[in-house]
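Engineer: One structure follows; several queries about it will come next.
The values are calculated or read from the model by the stated rules, or taken from the named source; none is laboratory data. Given the structure is predicted, the values throughout are model-derived calculations rather than measurements. All Cβ positions, glycine included, derive from the backbone under ideal geometry; neighbour counts span all protein chains shown.
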């Protein structure tokens with residue numbers, strides 16, 4: 001009785017093994033005929049038998065499954081994760097075959113991604129570049145391209161994940177590049193080493209050389225910070241900015257970005273402090289001086305504001321907003337005199353003070369007008385706000401003729 005049971009069990013195992021091989025052959029034949037729909041349809045039947053398969057049979061199943069899902073490139077994008085998972089399970093037995101297939105997949109993804117990028121379809125390009133990286137994790141540059149393309153179309157949530165991944169794997173993008181100078185144009189040309197050498201041997205290029213490219217890590221951490229800023233996540237943005245500044249301490253843009261976060265947090269003192277740090281590194285940056293002037297004016301520090309706006313116009317005489325604000329500084333000084341005049345009594349001494357304050361007030365208003373007149377002499381086609389402010393100053397000074405003259409210019413400029 002025991003003998004019969006053993007024989008029966010052996011027969012059952014043999015039949016089971018035969019069923020596995022039969023189903024695998026169905027899938028294999030369908031793949032060879034490129035009938036991938038039938039191949040995929042047969043997968044669940046074999047998958048149900050996986051627990052009883054030996055390692056060699058399992059590897060063949062996964063190898064065939066990967067091919068069926070790949071469908072000679074037709075199923076790459078939608079099934080990529082499943083394809084790669086299958087190939088990973090089979091790699092021990094089908095290493096060289098899978099390496100060849102993965103190279104094909106990578107080439108196909110990059111071909112589509114590059115074509116999309118060339119047509120400025122950056123969203124599609126980004127997804128294909130990311131998938132190319134998934135296939136061959138060693139080519140981390142594909143992940144960098146995916147992140148950069150995502151940023152180009154403001155897909156910030158996706159880009160953030162990609163940049164965080166780059167940061168996690170400590171991607172730098174540092175590589176050796178080869179160059180030579182074109183004899184005709186005198187311009188430096190960067191090319192692959194073999195191509196560069198052919199140019200030089202052919203006599204069209206001279207001065208060959210090689211160098212290491214700059215690290216892309218500062219750009220990555222900067223973009224992480226900027227994305228957090230755009231999302232309003234100030235706490236993470238500040239942490240990322242500090243990280244970015246550690247990577248690139250001389251980058252003025254990073255200092256300004258950190259300053260802008262503090263401005264959003266309504267910490268104008270910290271904003272001003274950081275902007276002044278930026279100015280120390282870039283003293284001829286008109287925008288930086290302008291921002292210091294605005295913060296100083298908001299805090300009622302007209303002396304500092306005046307110096308800042310004067311510096312802006314010294315650097316960039318076309319900076320209309322700086323001219324308007326410098327004029328406003330003088331107007332504010334005049335308004336303070338009006339307030340002082342209103343606080344005087346009717347005494348003889350205060351009447352004398354009143355007349356003195358009135359002269360000082362008019363002088364301040366005239367100084368404000370002079371700033372705009374000087375600006376207009378250098379920039380006659382500037383924004384209409386300059387003329388409108390000048391008209392208001394003339395009205396405050398009681399200079400009717402100048403006010404009407406300026407009003408006529410405003411009407412002419414606005415096409416009425």
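Engineer: Can you spot a residue in the stretch 122-129 that is closer than 23 Å to residue 191 by Cα, modelled with pLDDT under 95 and part of a helix (DSSP H, G or I)?
Structural biologist: Among the residues of the stretch 122-129, at least one is closer than 23 Å to residue 191 by Cα, modelled with pLDDT under 95 and part of a helix (DSSP H, G or I), which makes the answer yes.
Engineer: Regarding the stretch 106-113, can at least one residue be identified that is loosely packed, with under 15 Cβ neighbours inside 10 Å and out of contact with any helix residue (DSSP H, G or I) (no Cβ under 6 Å at 6 or more places or on another chain)? First the steps, then the outcome.
Structural biologist: Going through the stretch 106-113, the residues loosely packed, with under 15 Cβ neighbours inside 10 Å turn out to be 107, 111.
If we keep only those that are out of contact with any helix residue (DSSP H, G or I) (no Cβ under 6 Å at 6 or more places or on another chain) too, we end up with 107, 111.
Scanning the stretch 106-113 turns up at least one residue that is loosely packed, with under 15 Cβ neighbours inside 10 Å and out of contact with any helix residue (DSSP H, G or I) (no Cβ under 6 Å at 6 or more places or on another chain).
Engineer: Could you give me the residue pairs with C-beta distances under 6 Å whose first residue belongs to the stretch 58-70 and is outside the structural domain of residue 44 (by TED's automatic domain parsing) and under 16 Å from residue 36 (Cβ atoms), whose second residue is in a helix (DSSP H, G or I) and modelled with pLDDT under 80 wherever it lies, and which are 6+ apart or on separate chains?
Structural biologist: none
Engineer: If you go through the stretch 196-248, how many residues are surrounded by fewer than 13 Cβ atoms within 10 Å (Cβ to Cβ) and touching a strand residue (DSSP E or B) at 6+ places or on another chain (Cβ under 8 Å)?
Structural biologist: 7
Engineer: It is to be established whether one or more residues within the stretch 277-296 are more than 28 Å from residue 379 (Cβ to Cβ), in contact with a helix residue (DSSP H, G or I) (Cβ under 8 Å, 6 or more places away or on another chain) and outside any loop (DSSP other than H, G, I, E, B).
Structural biologist: Scanning the stretch 277-296 turns up at least one residue that is more than 28 Å from residue 379 (Cβ to Cβ), in contact with a helix residue (DSSP H, G or I) (Cβ under 8 Å, 6 or more places away or on another chain) and outside any loop (DSSP other than H, G, I, E, B).
Engineer: Now for a different question. Return yes when residue 175 is touching a residue at least 12 places away in the same chain (Cβ under 8 Å), surrounded by fewer than 15 Cβ atoms within 10 Å (Cβ to Cβ) and over 28 Å from residue 228 (Cα atoms) and no when it is not.
Structural biologist: Numbers: touching a residue at least 12 places away in the same chain (Cβ under 8 Å): yes; surrounded by fewer than 15 Cβ atoms within 10 Å (Cβ to Cβ): yes; over 28 Å from residue 228 (Cα atoms): yes.
When the stated conditions are applied, residue 175 passes them.
Engineer: Determine whether residue 228 is assigned by TED's automatic domain parsing to the domain that holds residue 360, in contact with a helix residue (DSSP H, G or I) (Cβ under 9 Å, 6 or more places away or on another chain), assigned to a helix (DSSP H, G or I) and modelled with pLDDT of 85 or more.
Structural biologist: Numbers: assigned by TED's automatic domain parsing to the domain that holds residue 360: no; in contact with a helix residue (DSSP H, G or I) (Cβ under 9 Å, 6 or more places away or on another chain): yes; assigned to a helix (DSSP H, G or I): yes; modelled with pLDDT of 85 or more: yes.
Here the answer is no, as residue 228 does not meet what is asked.
Engineer: Say whether the condition of being modelled with pLDDT of 90 or more, buried (at least 18 other Cβ atoms within 10 Å of the Cβ) and in contact with a helix residue (DSSP H, G or I) (Cβ under 6 Å, 6 or more places away or on another chain) is met by at least one residue in the stretch 298-307.
Structural biologist: Yes: the stretch 298-307 contains one or more residues that are modelled with pLDDT of 90 or more, buried (at least 18 other Cβ atoms within 10 Å of the Cβ) and in contact with a helix residue (DSSP H, G or I) (Cβ under 6 Å, 6 or more places away or on another chain).
Engineer: Among the helices (runs of 4 or more DSSP H) lying completely within the stretch 324-416, list those that include at least 3 residues that are in contact (Cβ under 8 Å) with a residue 40 or more places away in the chain and surrounded by 15 or more Cβ atoms within 10 Å (Cβ to Cβ).
Structural biologist: Ranges flagged: 348-378, 384-397.
Engineer: If you don't mind, another one. Note down all Cβ pairs under 9 Å where the first residue falls in the stretch 184-210 and is touching a residue at least 12 places away in the same chain (Cβ under 8 Å), the second is surrounded by fewer than 12 Cβ atoms within 10 Å (Cβ to Cβ) and not in a strand (DSSP E or B), and they're at least six residues apart or on different chains.
Structural biologist: Taking only residues 6 or more apart or on different chains, the pairs are 204/184.
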